[in-house]
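The values are calculated or read from the model by the stated rules, or taken from the named source; none is laboratory data. Just so it is clear, the structure is predicted and the values come from calculations on it, not from any experiment. No Cβ is skipped: glycine too gets one built from the backbone with ideal geometry, and neighbour counts run over all protein chains shown. These area figures cover heavy atoms from the full protein model, side chains too; ligands, DNA and RNA do not enter into them. Shrake-Rupley method; radii C 1.70, N 1.55, O 1.52, S 1.80 Å.
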Amino acid sequence: MRNILLESFRGALTEAPPDADGAMLAELANSLNERARERLGRSLSIRQVDAGSCNGCELEIHALNNAFYDLERFGLRFVASPRHADVLLVTGPVTKNMREALERTWAATPDPKWVVAVGDCARDGGMFAGSYAVVGGVSAVIPVDLHIRGCPPTPTQLLQGLIALLQDKKPRNNCEAAL
Amino acid sequence: MTILERCGAQAPTQESRPWPRAVVDADGWRFAASQLAEGLWELLALWAEAYVVHSAVRDPASGEIAVLSLPCAHGGYTALAQWHPPAMRLERTIRDLFGLEPIGLPDARPWLDHGRWGVKHPLGTAQSTAPEPPGYQFLPAEGEGLHQIGVGPVHAGIIEPGFFLFTANGETIVRLEERLGYVHKGIEGLMVDSDLDRAIQLAGRTSGDSTVAYAYAFAAAAEAALEIDVPPRAILLRALMAELERIANHLGDFGAICNDASFAVMHAQCGILRERVLRAANACFGHRLMRDRIVVGGVTADLNKDGRAVLRGLLGEITRRLPRLAELYDKTASLQDRTVGAGVLNPALASQYACGGYIGRASGRNFDARKVIRYAPYDQLVFEVPVLAQGDVNARVWIRIREIEQSVAIIRQILDRLPEGELRAAVSQTDTSREGAAAVEGFRGDIFVWMRISAVGAIERCHLRDPSWFQWPLLEAAIGGNIVADFPLCNKSFNCSYSGHDL
């Protein structure tokens, strides 16, 4: 145990932070205003909701917590309750059987809040679009501020998106209702 | 006598590969049910089409596998679950999806259908319905001083959705009842009329942690049906990817189980190793989870010289680090205190449910599709299947550690003997409809796939049976008598798939 602990001090594994993704910054600029950012500050609590995912996205979201990506260094952390959350990180095509649970989780999250839809399925239902059991993308159920694409997105892509949430300073003018 | 002969089956109307399928009458179906109930045969899978139910059964004594088909002209058939409980949720699902009534089924409740689809029996005689208000009658638990804790479908961690109702006496769990189906996406419905390229992508999205194993099983069933010979290099590359997937999942879960016993250092160390596996997969095959790399006829990604070096480095790292982590696990009293004797699964239940994977093998069931069915290339590779009898969380952890070691050995053999050659065989058109099946050992257990392909190469019906179908019910049994606070630990040691089960 002692050796394993001592060894882990030798050299950091942590990756340099990636730059925020330009396209994602643009999407955010359209969905968030300065006031919301000030209220949320630079420390965000994230509540992950699987609304129908195949669990591939969950694996990569988990990886954000490993020593290479170390999400908490950016002030971002996962919390257990939507009542503690600033951000809902939603995966999956929203299934009809999960729709109500997603709506209730969103309602239980205090304002102001952001919704980040993770993965190709969360954007428009992906390969599952058109099924009798699937509603579609996350935005068909709750308002979405940012999409992170990929099947699943890599941890680096997830980081780029989440850092964009923290960095973008541009004001925007029509988000009050969504927030 | 073969299974089909003993069930009085008619001569097969259509050739089904590699295991025969034939129509039986009600008596033959009842005979199979009695064989299952007596533990002489195992139920591998149970699924339906419009007006016919199919069951895949295996005789463990001879290793023979056969598919029995029972026509249900009047919309009903004799429920197997009244004698063989492992069929219960499958028969509830058949009723939900196809509207075929399992006559005599002791449970009248729906399973995957939560009354929210706007359609009844979507894969059978689909009828539009107004969404029904949700209501579900949980099983009763009566007694003095009992209280109930409902959890889900949204859980506290980064995990999939499902609902658990605990009935507890103080801290001790008296009954756990699961309710699943929240992530039902209708994959088998989407597959109908899809071509093989799209269908295998859907299969690879049935359970993301087993994306390689699902694509592998789907491809194997399609290739059996169409009689395609996969090039030797592709056969070995498939197994290589499957073993990388197994190692990555076992490492992640080893750490996560320890984390649920508040031993975070193991979680961190295993997380590093798991990440190295995924990075190696990305470097070799261009995707961290190796999704969509297996296709019908072969594989789409090749392993070059640099990739071999990456893998050799990775295997060296795992070989160096894993024994020390295993020793730390074994010598940490606070961890052992939580895992030894917790969540014991009775071997008799593992055997009755034909429970696959590390759950079955930690409870004495010596079944691994790689060894028992011996599909290529595992018939050529040397490896052992670890089996323990204790059935507790600790045994499941040790099975996983031992399986990582075996997978490392398998990958070394593959790297040593990987021949040059083609990656993919041509998928030829056929002039008739074809049937094929396969069982492939994913990290969680055996994934069973059956399909019928039309003459124009489209899926007529494809069934994907996740190993979790025969594992989820056993979690309910294993958790009884444990304290509520140990549920996450026990649950993680099972790590059943929600998405693979809900389909």
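For B:G208, the criteria (1) within 20 Å of B:R461 (Cβ to Cβ); (2) at the interface with chain A (Cβ under 8 Å from one of its Cβ atoms); (3) touching a helix residue (DSSP H, G or I) at 6+ places or on another chain (Cβ under 8 Å) hold in every case but one, which is (1). Candidates are the residues of the range B:295-338 that are of a type in the set (D, E) and over 28 Å from B:A203 (Cβ atoms); the one that is least open to solvent (accessible area, probe 1.4 Å) is B:E317. The set of residues from the range A:63-81 being within 7 Å of another protein chain (Cβ to nearest Cβ) and within 12 Å of the chain's Cα centre (by Cα) comprises just one member, A:F78.
For the range B:97-111, the criterion of being outside any loop (DSSP other than H, G, I, E, B), touching a Phe, Trp or Tyr at 6+ places or on another chain (Cβ under 8 Å) and open to solvent by less than 20 Å² (accessible area, probe 1.4 Å) is met by at least one residue. For the range B:261-277, a residue qualifies if it is open to solvent by 10 Å² or more (accessible area, probe 1.4 Å) and either within 11 Å of chain A (Cβ to nearest Cβ) or at positive phi (or both), and the qualifying residues are B:S262, B:F263, B:A264, B:V265, B:H267, B:A268, B:Q269, B:G271, B:I272, B:R274, B:R276.
Within the range B:338-353, is there a residue that is touching a residue at least 24 places away in the same chain (Cβ under 8 Å) and within 14 Å of another protein chain (Cβ to nearest Cβ)? The answer is no, given that none of the residues of the range B:338-353 is touching a residue at least 24 places away in the same chain (Cβ under 8 Å) and within 14 Å of another protein chain (Cβ to nearest Cβ). Within the range A:66-93, the set of residues being surrounded by 16 or more Cβ atoms within 10 Å (Cβ to Cβ) and not in a loop (DSSP other than H, G, I, E, B) comprises A:L71, A:F74, A:L76, A:F78, A:P82, A:V87, A:L88, A:L89, A:V90, A:T91. Condition test on B:G39, is it within 26 Å of B:G99 (Cα to Cα), in contact with a helix residue (DSSP H, G or I) (Cβ under 9 Å, 6 or more places away or on another chain) and either assigned to a loop (DSSP other than H, G, I, E, B) or not assigned by TED's automatic domain parsing to the domain that holds B:A350 (or both)? For B:G39, the condition - within 26 Å of B:G99 (Cα to Cα), in contact with a helix residue (DSSP H, G or I) (Cβ under 9 Å, 6 or more places away or on another chain) and either assigned to a loop (DSSP other than H, G, I, E, B) or not assigned by TED's automatic domain parsing to the domain that holds B:A350 (or both) - is not met. When the residues of the range A:99-114 are narrowed to those that are of a type in the set (A, V, I, L, M, F, W, C), within 16 Å of the chain's Cα centre (by Cα) and modelled with pLDDT of 95 or more, which ends up surrounded by the most Cβ atoms within 10 Å (Cβ to Cβ)? Among residues in the range A:99-114 that are of a type in the set (A, V, I, L, M, F, W, C), within 16 Å of the chain's Cα centre (by Cα) and modelled with pLDDT of 95 or more, the one surrounded by the most Cβ atoms within 10 Å (Cβ to Cβ) is A:L102. Cβ-Cβ distances below 6 Å connect the following pairs, each with a first residue in the range B:177-201 that is more than 10 Å from chain A (Cβ to nearest Cβ), a second residue that is buried (at least 23 other Cβ atoms within 10 Å of the Cβ) and of a type in the set (F, W, Y), and a separation of six or more residues or different chains: B:I200/B:F218. Checking each residue in the range B:223-270 for being within 21 Å of A:R2 (Cα to Cα) and in contact with a His (Cβ under 8 Å, 6 or more places away or on another chain) picks out B:G255, B:A256, B:C258, B:N259.
Within the set B:A350, B:A283, the sole residue that is within 23 Å of the chain's Cα centre (by Cα), of a type in the set (A, V, I, L, M) and in a helix (DSSP H, G or I) turns out to be B:A350. Screening the range B:366-377 for residues that are more than 17 Å from B:Y214 (Cα to Cα) and in contact with a helix residue (DSSP H, G or I) (Cβ under 9 Å, 6 or more places away or on another chain) and picking the one that is surrounded by the fewest Cβ atoms within 10 Å (Cβ to Cβ) gives B:N366. Of the residues making up the range A:9-22, those that are modelled with pLDDT of 70 or more and either within 13 Å of chain B (Cβ to nearest Cβ) or surrounded by 13 or more Cβ atoms within 10 Å (Cβ to Cβ) (or both) number 9. Scan the range B:148-188 for residues that are assigned to a loop (DSSP other than H, G, I, E, B), open to solvent by 10 Å² or more (accessible area, probe 1.4 Å) and over 17 Å from B:W469 (Cβ atoms) and the total you get is 10. Note on the range A:82-119: residues that are at the interface with chain B (Cβ under 10 Å from one of its Cβ atoms), of a type in the set (V, I, T) and under 19 Å from A:L64 (Cα atoms) total 1.
Scanning the range B:16-33 for residues that are within 22 Å of the chain's Cα centre (by Cα) and under 22 Å from B:S468 (Cα atoms) turns up nothing.
For the range A:123-170, a residue qualifies if it is open to solvent by 10 Å² or more (accessible area, probe 1.4 Å), under 23 Å from A:A107 (Cβ atoms) and in a loop (DSSP other than H, G, I, E, B), and the qualifying residues are A:V141, A:P143, A:V144, A:D145.
Any residue at all in the range B:388-399 that's crowded, with 17+ Cβ neighbours inside 10 Å and either more than 30 Å from B:M88 (Cβ to Cβ) or at pLDDT below 95 (or both)? Yes; the residues of the range B:388-399 include at least one that is crowded, with 17+ Cβ neighbours inside 10 Å and either more than 30 Å from B:M88 (Cβ to Cβ) or at pLDDT below 95 (or both).
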